[in-house]
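To start, the structure itself, in structure tokens.
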Amino acid sequence: MTAKLEIRPVADFDMAAIQNIYAHHVLHGLASWELEPPDVAELTARRDGIVKGGYPYVVAILDGHLAGYAYAGPYRYRPAYRFTVENTVYLHPDQQGKAIARPLLQRVIDECTARGYRQMIAVIGDSGNRASIRFHQKMGFRQIGLIEGIGWKAGRWLDSVMMQLSLGPGNTAPPQAN
């Protein structure tokens, strides 16, 4: 039996499940470099800023449960960066390896492209996160940098891997007036 995966925009009632997923990654992983999981109110405020800023924020629903979420936000806040976004994807730990991340990120890529963004940056926590690096490569990203030993978590220094994906015409043509 094949479960049906639904990708849809985030809703207020999703935030508790999102907080649960993110808290797991903060406490047990290296993808997030936060040390303490933010509460639902803080994650809701962050989500509101993303959505009000004109960026996509979507969730994956599998068998009636929130299996993961993804969004894009500003890469940096200086005006010249306004055509570049940074992506984020998190899955519930029980849902990894179930082909959920690809449609989640593809939806974010498609929406960012439709909104006129030209570059997407993935900032991957630690060079040892081979699964995330391979996933982004399969999605068309290429590694553009490595910042060694920039973060301290879990009793060790962590690297930051930078990957990039061109959206639409990328940097081959000027953007539309904005």
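The values are calculated or read from the model by the stated rules, or taken from the named source; none is laboratory data. Quantities reported herein were computed from a predicted structural model and do not represent experimental measurements. Note: ideal-geometry Cβ built from the backbone for every residue, glycine included; neighbour counts use all protein chains shown.
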Worksheet item: If we scan region 79-100, do we find a residue that is of a type outside the set (Gly, Ala, Ser), surrounded by 15 or more Cβ atoms within 10 Å (Cβ to Cβ) and either assigned to a helix (DSSP H, G or I) or without any contact (Cβ under 8 Å) to a residue 12 or more places away in the chain (or both)?
Response: yes
Discussion item. Restricting to region 10-27, name every residue that is more than 13 Å from Leu91 (Cα to Cα) and over 14 Å from the mean Cα position of the chain (by Cα).
Written reply: Ala11, Asp12, Phe13, Asp14, Met15, Ala16, Leu27
Worksheet item: If you go through region 69-78 one residue at a time, how many are touching a residue at least 40 places away in the same chain (Cβ under 8 Å) and in a strand (DSSP E or B)?
Response: 3
Response to the item:
Checked Ser127, Ser160 against criteria (outside any loop (DSSP other than H, G, I, E, B), under 14 Å from Ala31 (Cα atoms) and of a type in the set (Ser, Thr, Tyr)); the one match is Ser160
Worksheet item: So which pairs qualify, if the first residue must be in region 17-43 and in a loop (DSSP other than H, G, I, E, B), the second must be at pLDDT below 95, the Cβ gap must be under 6 Å, and the two must be at least 6 apart or on different chains?
Response: Leu30/Gly125; Leu30/Asp126; Ala31/Gly125; Trp33/Gly125
Practice prompt. State whether the residues of region 1-15 include one that is assigned to a strand (DSSP E or B) and in contact with a Pro (Cβ under 6 Å, 6 or more places away or on another chain).
Written response: yes
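Only one of Ile133, Ile147, Ile121 is at pLDDT 95 or above and either more than 25 Å from Ala80 (Cα to Cα) or touching a helix residue (DSSP H, G or I) at 6+ places or on another chain (Cβ under 7 Å) (or both); which? Before you say what the answer is, go through the steps one by one.
Values: Ile147 fails: either more than 25 Å from Ala80 (Cα to Cα) or touching a helix residue (DSSP H, G or I) at 6+ places or on another chain (Cβ under 7 Å) (or both); Ile121 fails: either more than 25 Å from Ala80 (Cα to Cα) or touching a helix residue (DSSP H, G or I) at 6+ places or on another chain (Cβ under 7 Å) (or both).
Going through Ile133, Ile147, Ile121 in turn, the sole match is Ile133.
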Worksheet entry | Count - residues of region 69-105 that are under 23 Å from Phe13 (Cα atoms) and of a type outside the set (D, E, K, R) | 19
Discussion item. If Leu66 satisfies all but one of (1) assigned to a strand (DSSP E or B); (2) touching a Phe, Trp or Tyr at 6+ places or on another chain (Cβ under 6 Å), what's the number of the condition it fails?
Written reply: (2)
Practice prompt. Name the residue, out of Arg102, Arg115, that is modelled with pLDDT of 95 or more and more than 23 Å from His25 (Cβ to Cβ).
Written response: Arg115
Discussion item. Need pairs with beta-carbon distance below 6 Å; first residue acidic (Asp, Glu) and within region 110-132, second part of a strand (DSSP E or B) and at pLDDT 95 or above; sequence gap 6+ or separate chains.
Written reply: Asp126/Leu158; Asp126/Asp159
